[in-house]
Amino acid sequence: MEAMKEITIELHELGRIAGEKARAEAWAAGLPYSYGVEGKVILVYPDGRKTEVVYDPSAERNEVPYVEKE
């Protein structure tokens with residue numbers, strides 16, 4: 001059981017490192033990175049701007065400013 005806990009911790013750390021690397025590479029290329037929160041897709045741009053990806057009834061993709069809940 002202890003070995004499983006150690007593997008889980010190690011995998012979590014590797015995922016965190018991979019995420020940091022992916023964000024850095026996206027920003028270096030001038031692209032946003034994305035994450036999900038409460039079923040929403042959020043884009044974070046290199047300038048710090050955050051947008052929520054939304055789809056109108058015709059399935060057209062749009063972005064609207066995202067304001068985090070406090």
(Q) Give all pairs with beta carbons closer than 9 Å in which a residue from the range 6-33 that is basic (Lys, Arg) meets a residue that is surrounded by 10 or more Cβ atoms within 10 Å (Cβ to Cβ); count only pairs at least 6 apart in sequence or on separate chains. (A) Arg23/Tyr33; Arg23/Val44
Q. Residues in the range 2-15: is at least one of a type in the set (Val, Ile, Thr), under 15 Å from the mean Cα position of the chain (by Cα) and surrounded by 10 or more Cβ atoms within 10 Å (Cβ to Cβ)?
A. no
**Q.** Among (1) surrounded by 10 or more Cβ atoms within 10 Å (Cβ to Cβ); (2) at positive phi; (3) not charged (D, E, K, R), the one test that Gly30 misses
**A.** (1)
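Every number in this text was worked out from the coordinates using simple rules, so none of it is lab data. As the structure is a computational prediction, the values presented were derived from the model and not from experiment. All Cβ positions, glycine included, derive from the backbone under ideal geometry; neighbour counts span all protein chains shown.
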